[in-house]
Amino acid sequence: MKSAAQARRKSVPFTLRREELAELSARLVMAALLGRARIFSALSPFGIAFVAASGGGVAGIVSLLGSVLGTFTAGGPGWAVKYIAIITVVWACVHFFGRSAPRWFPMAAAFGVTLIIGAVYAWDSGWEVAATAMWVVESFFAGGLVWFYSAALSPMSDGAPRSVRSGRAASLILLTATLLISLASVNLFGILSIGRALAVIAVMFVSLRGGLAMGCVSAAALGASMDLAWGGAPFFTLSYTLSALIAGIFSRDGRLVFTLSWVASAALSVLWFWQFHRWLPALYETFAASVIFMLLPDALLARLAVFLPKEPSGGGYVKAREYTRERVERCAMAFRGLYDAMRSRDGDGPDAGPAQIYDRACDKVCRDCPNSARCWQEEYVETLDIMNSLTPVLTKKGFVEVGDVPERFASRCARAQLLCGEITNEARSYLSRRAFRARLKESRGAAYGQYMDISRILSSLASELGGELQVEPELEKKLRKYLRGLAMDAETAVFRLRGGRLRAEITSQNTDLLKRDKSWLENLSAVLETRLCAVENTGEGGRIILMEAEPLAVTVGKSAARKSGEKVSGDRCVYFRTDEGILYVILSDGMGSGPDAAGMSAEAVEITERFLKAGVGPDLTVSILSSLCLLRDGDGLESATVDLLRLDMFSGEAAIYKYGAAPSYIRHGASVKRVGAGALPMGIAAQEKAPAVKLTVKPGDIILMASDGVVTGGDDKLLRQAMAGARDNDVKALARRVVDAAARATASADDMTVIALAVEKRG
């Protein structure tokens, strides 16, 4: 027994959805208008081309009926029979043979059938030159228009996304122009053409929303169609194009200024043609069109703007990236070569050691001594041994006296006292020179190291420029479709940053339409299939920036106390997140206390923050900072500790870098782990790379960073107890308790700063 549903399916062969019914209705209307459109008073190739472009099936049948209806109502029976015959034969060809035929077959069918049937009428006119020329022109029109109509109708027929390119936009303009030809002859009050008024509105819309170039193209196409419908001089082509050119310059100044400039340009073109034809109706049509255009709602214009093409990106920007990458790589290699060249030439030659002390002292004292020949020629070896025996004394005491010289030498040397004094002076000079050379070598190494640092930064930039662009065209398409549903005319961009984080940008003057719904962020997250968060100050200047939300969230608590008797703390700290979802925490303690220490730590934090925000890695950033400390030569940034935390908010991977900084503490569950060691503070010596302590944090973990005034003498019992008893999210109270306890224990003997971070799962 058949079900009721089966019975219904049997009684109804097929059903049409609302969208399909609307499309077929639009085809019927367009086919009727194109069927009655005429140029040069007698030619009507538009209905033929439209039927050929519609193909077979239901769409073709509807187009056939509409075109026949329009043709039948446009002229007398003798004229209509010709085009009804051509349209019917063309439809039969594409309906029965179009599916298996090549893509060019509809064009060939329209051209061939029009040429063959039109030959009968050309023969009947006795092959008159004008009639024959019109016959050939009409055949080419019918065949050529098929290509444009097919491109314009493709979004309707194949369900393709309406991401309009320039070719399809031109086809839509041509379809609109030919549709308006049939309305050009419909007049109100005998003077105002409906078709031409609609043409002016269409050109104004394209010029305002599509830009100057697209506006001029549409003006030329629609103006030419109106001139063909009229059959006279090319007035409308000139008028529309001139208005689009002048008004397009003011398209960024608002719709009112744009419309006023359009009306003024149209009036200028009428005056230009005044001696040939008094085109007062054109002024009436322009005025009526401008009033209607100003009354059109912005939401409607935004919806229609999706049919206008965006400027193609092309491959130029890719080549520009490659060219820039190659230049950056060459710069990196140049700085590396400079570093290698300077390092290979570095050095002041071998150090003669303590021997030069005695050589210089004896050269001054013994040069004019009468016994010089006996001491330095006859008894050279013995004298040299005596000088060398003074080295341990000189090293231990820092000076030599006559009593330190062997008796046998002191008794025969008339200048022993003077010689000991010169040896002491030369020893001090030698130590000063050696310290200076060591400092100079260290400074040179820091300066040369900056060349290598610059080379590494440039290499990193070149690598990033050479990386594949991680654009998301499908997600961007979904975003545009969603915004069109809100009647928003917006420019969109969806791509992934270094590291894979999704970023979306929306630029529009109508951002209020998006934010009208309180759950707009959740809606966009659903559209882009990613949980999003809005960047601070988003929406200012008509620009909204959205980022993929990190799975982890961090609550930061900070507390600080100054050294007793000081007005300024020498500690400085800052924390921030980068676009890649990396959280950085920087804590610096300037050596000493007071304003000088505060200046050291502030400068260290500021420099580190700038490089990290620029995308430079922590290792390279610290290397640059260390070089600066050494090259400043005690001026300004002399010495400061750096405590740096890097936390990936997506993976939970963390790294702690310490340069002279106090230990940090990490609580995981019930256990508290201490992280110490590291390198010397900045500016103490040539900075060696500090080994990063790497770990993985999870929701519920607490990280505490402190300056060296908090934990003294290695006694961290109070700090551990405070961390063990802290609530997971009350890090502000934790930081305050640790600082208060340390202040009581040390009587505020030093500046103290504590930063506590609680890692949580984003709610």
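Worth a mention:
- Filtering region 487-506 to residues that are in a loop (DSSP other than H, G, I, E, B) and either out of contact with any helix residue (DSSP H, G or I) (no Cβ under 9 Å at 6 or more places or on another chain) or at negative phi (or both) leaves 488, 489, 490, 497, 498, 499, 500, 501.
- Which listed residue is at pLDDT 80 or above, of a type in the set (A, V, I, L, M) and touching a strand residue (DSSP E or B) at 6+ places or on another chain (Cβ under 7 Å), from 201, 194: 194
- Residues in region 517-533 include none that are in a strand (DSSP E or B), among the β-branched types (Val, Ile, Thr) and over 30 Å from residue 658 (Cα atoms).
- Put simply, of 43, 69 the only residue that is modelled with pLDDT under 80 and touching a helix residue (DSSP H, G or I) at 6+ places or on another chain (Cβ under 6 Å) is 43.
Condition check ((1) of a type in the set (A, V, I, L, M); (2) at pLDDT below 85) across all residues:
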| site | (1), (2) |
| --- | --- |
| 724 | yes, yes |
| 739 | yes, no |
| 744 | no, no |
| 762 | no, yes |
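- Failed item, numbered, when residue 283 is tested on (1) surrounded by 20 or more Cβ atoms within 10 Å (Cβ to Cβ); (2) at pLDDT 80 or above: (1)
- Qualifying residue in region 73-82 (condition: over 18 Å from residue 148 (Cα atoms), crowded, with 19+ Cβ neighbours inside 10 Å and not assigned by TED's automatic domain parsing to the domain that holds residue 176): yes
- Residue 400 being modelled with pLDDT of 75 or more and not charged (D, E, K, R): yes
- Some residue of region 264-287 being without any contact (Cβ under 8 Å) to a residue 60 or more places away in the chain, charged (D, E, K, R) and more than 30 Å from residue 27 (Cα to Cα): yes
To keep it simple, each residue is scored yes or no on (1) within 20 Å of residue 228 (Cβ to Cβ); (2) at pLDDT below 80; (3) in the same structural domain as residue 183 (by TED's automatic domain parsing).
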position	(1), (2), (3)
37	yes, yes, no
48	yes, no, no
52	no, no, no
62	no, no, no
89	no, no, no
117	no, no, no
124	no, yes, no
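- Only a single criterion out of (1) surrounded by 15 or more Cβ atoms within 10 Å (Cβ to Cβ); (2) in contact with a Phe, Trp or Tyr (Cβ under 7 Å, 6 or more places away or on another chain) is not satisfied by residue 551, namely (1).
- Residue list for region 698-728, restricted to those being of a type outside the set (A, V, I, L, M, F, W, C) and in contact (Cβ under 8 Å) with a residue 40 or more places away in the chain: 698, 699, 700, 701, 707, 708, 709, 716, 720
- Failed item, numbered, when residue 470 is tested on (1) over 17 Å from residue 525 (Cβ atoms); (2) modelled with pLDDT of 85 or more: (2)
- Scanning region 724-738 for residues that are crowded, with 20+ Cβ neighbours inside 10 Å and either farther than 18 Å from residue 666 by Cβ or aliphatic (A, V, I, L, M) (or both) turns up 726, 731, 734, 735, 738.
- Conditions (1) exposed (fewer than 15 other Cβ atoms within 10 Å of the Cβ); (2) closer than 30 Å to residue 624 by Cβ; (3) of a type in the set (S, T, N, Q); number of the one not met by residue 569: (1)
The values are calculated or read from the model by the stated rules, or taken from the named source; none is laboratory data. Source: prediction; values computed, not measured. All Cβ positions, even for glycine, are placed from backbone atoms using ideal geometry, and neighbour counts span all protein chains on display.
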